[in-house]
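The values are calculated or read from the model by the stated rules, or taken from the named source; none is laboratory data. Remember, predicted model here, so these are calculated numbers, not experimental data. Cβ placement follows ideal geometry from the backbone for every residue including glycine, while neighbour counts extend to all protein chains displayed. With ligands, DNA and RNA removed, areas are computed over all heavy atoms of the protein, side chains included. Shrake-Rupley method; radii C 1.70, N 1.55, O 1.52, S 1.80 Å.
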Amino acid sequence: MKIETQRLKSFLLDAGLLDEKSLAAAEKKVTKDKNLADILVAEGKISEDDLAKLHGYILGMPFVNLESEKIPEEILRIIPEPIARTHNIIAYKKTGNNLEVAMLDPGNLETIEFIKKTSNLKILPRIASIKSIKNALSQYRRSLEAEFGDIIKKDSKDIITSAQIEEDKSTGETTEDLEKAAKELPIVRIVDTLLQHAIVERASDIHIEPLEKEVIVRYRIDGILRDAMVLPKQVAMGIIARIKVLSSLKLDEHRLPQDGRFKIESNEYKISFRVSILPVSEGEKAVMRLLVENSKSFTLETLGFFGDGLEKIHKAIKKPVGMILATGPTGSGKTTTLYTILDILNTPEVNISTIEDPIEYRMPRVNQTQVRPDIGFTFADGLRSLVRQDPDIIMVGEIRDNETASLAINASLTGHLVVSTLHTNSAAGALPRLLDMKVEPFLIASTVNVIIGQRLVRRLWKSKKPYKLSKSGIEELRKEVDLDRVLDEMKKHNIVKKGESWETIDFYKPEPIAESLDGYHDRIGIHEVLEVTESIKQLIISNATSDAIEKRAKEEGMITMLEDGIIKAVQGITTIEEILRVTRE
């Protein structure tokens, strides 16, 4: 239900939610595709809940929050899933002959009338936020999982491939046989179900692993691999063939690894699947990485940056030249950090160009180029061409070799701001790594502005239990980190009160609930931000070790990843166990 702009402004001002200056600034950004309400929510000036409540108040309709509600299945299914998804309407409560429904658009009278006729109930419309509706819609999928479990087992037993392919690959199956197997209805349904479940469960990767007598499917959720389901061995060939068809890969190639990608789009999401097929002893293993293309843009704060580290990054990105490096292992959120930095820098006054493998998120007004090693188009070739495209800012997906490192350094010397990633264990470890790539120490010292080291840790979900560390626990922690330094940092940022000590500070444990069986949900970064100051430049030029560089950076105020993690554990964002899991090497 769209509310007239002038009316919305009046109510926002009357309710004291915004001032006239903020409203005027937001109004200037109104376009054909984005109204005032959309802009205010996107910029965080007003929450979706507040906007929905305001709509309800204007329309004289109650507001309902379903974000953490588990709706009984028999009530949820009064409205069929296709209608619920198309019209954003959810049945959530039934009392006698009255059915309460949550909607985004209470003005959709046709749908209300249709549900009234089909259910033979009195409909009581309520207004809800987008998050509430999404949570309720995801419950259709969760109930489908139980239904599909039996279907997968039943269908897979009946699968007989057209050519009864021999296990011995030397007999050789034809492409036609494989195509037919990939199109069999049970196989299509199994693969579709695996993909849909992965999306609903927020998985970042799907692993399909053939064993001697079965196929194991695992999802990586919040960084942890979990078994999803076990399928009979006879479906393995069909599933891999189906994935190859979706990814436009060679069906009859079983000896060499293959990489591809495909996309799934709906009204709710647009997800790219990056596919890797690898020959293993029992057949072929498939791993699919899920990349959410239309995910909302992050801010450095929501990624977990705060305090002096955040200030150092903002200082570095204001410089017109130099290098910003993000370091960490695979899957530590480096690329997301770089995209967030690019999002801050992305203004009409600058030209931003990237060279990536793969392009993980599409960004408007950014020229993104995909590496193609199969045709000889590498990071080095792409970077060489990019500098001739008159860019102000260049993003290199990863510095992998000497040539790319040399070109990236030269680009930053010739008037460009370069952002890139390196695979090292810490921020200080990036400097010796560049030296290994034959980059001269004086060039590193004169180009690198700031280095970010990071890991991802699981966030505690809504229900958590406070506890205090025992004396032995504090002493164990003291062996790994300077606790006095961490305490001073927390007092400086008012995270703990002045008189607090480690004996009185609360930490938190996860409390499993229905929506989160392990008590965690989503992830956040823990970071260390190393600014290349004059004293650190001198250490680089004198070929100092990463330990010496880190020691000096700590003396100058750098908070390490482990220290940042402990601060987040005190804030109740994560747990000590989770921090130690990802930082211990």
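Note on surface exposure: 229, 288 rank 229, 288 by accessible area, highest first, 1.4 Å probe. What FRET efficiency comes out for the pair residue 77/residue 226, r = Cβ-Cβ distance, R0 = 30 Å, nearest 0.05? E(calc), rounded to 0.05, equals 0.65.
Given their separation in residues at 0.36 nm each and the Cα-Cα distance between them, residue 402 and residue 276 gain 42.7 nm when the chain is fully extended.
Whole-Hz Karplus values for region 244-256 come out as 5, 4, 4, 9, 6, 9, 6, 6, 9, 9, 10, 9, 10 Hz, taken residue by residue from phi with 6.51 cos²θ - 1.76 cosθ + 1.60 and θ = phi - 60°; glycine and proline positions read x. The trypsin sites (Lys or Arg not before Pro) of region 477-585 that meet both conditions, a loop assignment by DSSP and at most 16 other Cβ atoms within 10 Å of the site Cβ, are 497, 498, 584.
Applying 0.36 nm per residue to the separation of residue 301 and residue 390 and subtracting their alpha-carbon distance, the gain on full extension is 28.9 nm. The length gained by stretching the chain between residue 109 and residue 131 to full extension, at 0.36 nm per residue less their Cα-Cα distance, is 5.7 nm. Between residue 435 and residue 551, the simple spin-label model (points 7 angstrom out along Cα→Cβ) gives 1.4 nm.
For region 300-584, the relative contact order is 22 percent, taking Cα pairs closer than 8 Å that sit 6 or more residues apart in sequence and dividing their mean separation by the residue count. If you take the beta carbon distance between residue 318 and residue 5 as r and set R0 to 41 Å, what does 1/(1 + (r/R0)^6) give as a FRET efficiency, to the nearest 0.05? Efficiency, from the Cβ-Cβ distance: 0.75.
Scanning residues 5 or more positions from residue 520 or on other chains, those with amide H under 5 Å from its amide H are 461, with H placed 1.01 Å from N in the peptide plane. A helix-only calculation puts the chain at -12000 deg cm²/dmol for mean residue ellipticity at 222 nm, using -39500 (n - 2.57) for each DSSP H run of at least four residues, averaged over all residues. Here the Karplus relation 6.51 cos²θ - 1.76 cosθ + 1.60, evaluated at θ = phi - 60°, turns the backbone of region 259-266 into coupling constants of 10, x, 7, 8, 9, 10, 10, 9 Hz, with x for every Gly and Pro.
In the list (i) 24.9, 83; (ii) 27.0, 82; (iii) 25.1, 78, the label attached to Rg and Dmax of the Cα atoms in Å as derived from the coordinates here is (ii). Restricting attention to the chain, close to 65% of DSSP beta bridges with both partner residues there are antiparallel.
Once both labels are positioned 7 Å from their Cα atoms along Cα-to-Cβ, the gap between residue 124 and residue 175 label points is 6.3 nm. For the chain, the solvent-accessible area works out to 50 Å² per residue, with a probe of 1.4 Å and every protein chain left in place.
Under 5 Å between amide hydrogens, built in the peptide plane, is the criterion, and for residue 270 it picks out 293, 294 among residues at least 5 positions away or on other chains. When DSSP beta bridges are restricted to pairs lying wholly in region 300-584, around 40% turn out antiparallel.
For region 349-390, the set of GluC sites (Glu not before Pro) satisfying both a DSSP loop assignment and a count of at most 11 other C-beta atoms within 10 Å is given as 349.
Here the Karplus relation 6.51 cos²θ - 1.76 cosθ + 1.60, evaluated at θ = phi - 60°, turns the backbone of region 377-391 into coupling constants of 9, 9, 4, 5, 5, x, 5, 4, 6, 4, 5, 8, 9, 6, x Hz, with x for every Gly and Pro. Expressed as a whole percent, the accessible area of the chain that falls on carbon and sulfur atoms is 50 (1.4 Å probe). Take every DSSP beta bridge whose two residues both sit in region 39-148; close to 45 percent of them are antiparallel. Cα centroid separation, region 545-560 to region 413-441: 17 Å. Here residue 95 and residue 468 are evaluated by their C-beta separation; at R0 = 51 Å the FRET efficiency comes out at 0.70. Extending 7 Å from Cα along the Cβ direction at residue 349 and again at residue 423 yields two label points whose distance is 3.9 nm. Checking the Cα-Cα distances for 471/568; 319/554; 94/116; 465/498; 28/134 against a 18 Å cut-off, the pairs over it are 471/568; 319/554; 465/498; 28/134.
Under 19 Å from the 7 Å Cα→Cβ point of residue 287, by amide nitrogen: which residues of region 565-585? From region 565-585, the list is 582.
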